[in-house]
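Structure record follows, encoded as structure tokens.
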Amino acid sequence: LFDFVRAHVPGSKVLRQPAKIFCLFTFLLPAALALAVADLQAAAGRRPRLRALAALLPLLLVGDYALQISPTVCLLDNQQAAYAAVAADAAAKARIPRAVVIPLWPGDSDWAAVYQHYVSLYRIRMLNGYRPVVPRSYQEWISRFYSLNVGQVDDAQLAILRERGFHYLILHEDAFPEKASPFPVAYTLDRLLAHPRLALLKQAENIWAFELLDSPRPDAPDAP
């Protein structure tokens with residue numbers, strides 16, 4: 001059913017949870033209720049007891065609506081200095097801003113919604129993102145970079161990223177659940193700060209932005 005709806009119902013491919021496809025069918029509820037009430041009213045002439053039921057259905061609907069909660073409004077950040085630093089550095093060096101945001105996920109985690117909000121503010125391209133249904137080819141390709149979640153970045157990974165125009169790495173310190181890494185985020189952060197080919201660009205609140213360098217920093221410590 002999901003595959004059919006995604007193929008034929010406009011907009012269904014961008015739903016975050018596939019189960020929300022069923023929400024698209026709620027427009028049928030008023031029509032179904034109207035038909036039910038009409039049938040009850042038509043039958044009420046022959047069965048008087050149905051008149052009360054026909055009148056009760058709309059009242060129940062109104063009562064249910066009155067009991068609904070009033071959702072609060074979540075105000076999203078309209079700026080983020082670490083992401084802004086990436087965009088500004090890329091503009092100064094005449095680059096297209098492209099970044100890898102960690103922790104990395106297979107592609108179906110809603111944690112990536114945080115990344116997508118910030119990159120949308122500064123028009124930054126992401127190596128990793130989110131889709132409700134993730135192609136296996138993407139999962140296999142992104143898995144080669146999972147070691148970034150523990151701060152392990154080797155020269156082969158850097159070569160692939162640089163070849164594709166990715167010059168920045170962004171770490172979300174406050175979006176690092178236990179399933180992202182067997183180690184705490186401080187372990188990952190320490191290894192990234194000590195990496196000879198990563199230079200800290202900006203730290204803003206709990207987000208850290210790094211630049212991928214062509215060669216090791218002269219002041220880089222000896223990494224174990």
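The values are calculated or read from the model by the stated rules, or taken from the named source; none is laboratory data. Just so you know, these numbers come straight off a predicted model, no measurement behind them. Positions of Cβ are backbone-derived with ideal geometry, glycine not excepted, and every protein chain shown enters the neighbour counts. Heavy atoms of the whole protein, side chains included, go into the accessibility calculation; ligands, DNA and RNA do not. Shrake-Rupley method; radii C 1.70, N 1.55, O 1.52, S 1.80 Å.
Observations, loosely collected:
- Choice from 110, 214, 39 with maximal GNM fluctuation in the chain (Cα, 10 Å cutoff): 39
- Normalised convex hull volume, the chain, alpha-carbon set, Å³ per residue: 177
- Accessible-area ranking of 120, 70, 181, largest first, probe 1.4 Å: 70, 120, 181
- Computed magnitude of the charge dipole of the chain (debye, nearest 20; Cβ of K, R +1, Cβ of D, E -1): 1180
- In the elastic network of the chain, a GNM with C-alpha springs shorter than 10 Å, the most mobile of 144, 197, 131 is 144.
- For residue 96, the accessible surface of its heavy atoms amounts to roughly 80 Å² (probe 1.4 Å, protein chains only, rounded to the nearest 10).
- Karplus-derived 3J(HN,Hα), 6.51/-1.76/1.60, for each residue of the range 69-76, Hz, glycine and proline x: 6, 9, x, 7, 9, 9, 8, 6
- Beta bridges from DSSP with both residues in the range 69-224: antiparallel share about 65 percent, rounded to the nearest 5.
- Note on surface exposure: 172, 195 rank 195, 172 by accessible area, highest first, 1.4 Å probe.
- For the chain, built as a Gaussian network whose Cα springs stay under 10 Å, the top-fluctuating residue of 177, 71, 30: 71
- The solvent-accessible area of residue 93, taken with every protein chain present and a 1.4 Å probe, is close to 90 Å².
- For the residues 140, 178, a 1.4 Å probe over the protein chains yields an accessible-area ranking, largest first, of 178, 140.
- Folded to 0 to 90 degrees: helix 28-44 orientation relative to the chain principal axis, Cα: 10
- Length-normalised contact order for the chain - Cα pairs under 8 Å, 6+ apart - percent: 18
- Only protein heavy atoms count here; on that basis, with a 1.4 Å probe, residue 108 has an accessible area of about 90 Å².
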